[in-house]
Each structure stands twice: as C-alpha cells, then as structure tokens.
1. For 84, 7, what's the fewest-to-most ordering of other Cβ within 10 Å of each Cβ?
2. How would the stretch 1-44 be classified by its alpha-carbon gyration tensor: rounded, prolate or oblate, with rounded meaning a/c under 1.5 and the a/b versus b/c comparison settling the rest?
3. Starting from the Cα-Cα distance between residue 84 and residue 28, subtract it from 0.36 nm times their residue separation and give me the gain in nm to one decimal.
4. Ranked from highest to lowest mean number of other Cβ atoms within 10 Å per residue, what is the order of the peptides 96-107, 11-22?
C-alpha cells in the first residue's frame, strides 16, 4: 500500500482550510522521477562520485535526497527550467483535493496561492524522502 498523508493548509490566504491528500508514487515511477532529476542535476554541473551514485541507486528517492543534500543544491539552482518543470508537474500528480471525505485529482483551480504550491511540493518530497513522517491510510 502506498504511503499517504493529508495536509491541511493553515496559512492565511485563499487556500486556508483546504485539505490535500498526498500519495506516494509507485516504485517504477518514483525511480524514473529520481533518475530524471539526477540527470537534470548532472547536466547542470552536479558532480557525483561513484560512491554517492551507488548509494543513491540502492536507496531510490531517499538516495536522491541524500545526493541533493550533499552536493546538488547549487546544481539545482543552475538547472534550466525546461529540465525541472516536468519534474515539478509530476510531483503534483501525487496530490488530490479532499472535499467532504472524498478525493479527486488536483486541478488548476484547486490551489490559489503560490505558497500553497510550494508547501505541497515540499510535502510530496518529504513523503518520498522522510519515511518516518508518512502515515499509512
């Protein structure tokens, strides 16, 4: 069963009180996402030693997190938006809107604040990277 977590927006703004359900990507999709992220970072100057690359390959999304934390933030900031945008879009496929105990896929109109989008993307990454905070439903 995929890990899920519900996020209630508490910050002031148009999204305050909205609830979103985040669901972990299936393993193959998660692996492909992590591979595309690593390739985009490498293309933009991130050096990865053989040891770090082996660790990341054996640890999936958690390994990608370790790589980015160690050496990839500067490369991420140099990345072309055209390389990063599809990754950002795919992150939001993990997000559903919760309304009256029912869920539906996220639509363009569900989020009205940029801060909410950033918060949801951060939580999607945490769901995949920080396994101790995810709650199974």
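Just so you know, all these numbers are worked out from the coordinates, no wet-lab data involved. Given the structure is predicted, the values throughout are model-derived calculations rather than measurements. Please note: Cβ atoms are built from the backbone with ideal geometry, for glycine as well, and neighbour counts cover all protein chains shown.
1. Working: 84 16, 7 20.
So the residues, fewest neighbours to most, are 84, 7.
2. Numbers: a/c = 5.68, a/b = 1.73, b/c = 3.29.
Verdict is oblate for the stretch 1-44.
3. Details: separation 56, 0.36 × 56 = 20.16 nm, distance 1.92 nm.
Roughly 18.2 nm would be gained on extension.
4. Numbers: 96-107: 11.8, 11-22: 15.1.
Those peptides, ordered most packed to least, come out 11-22, 96-107.
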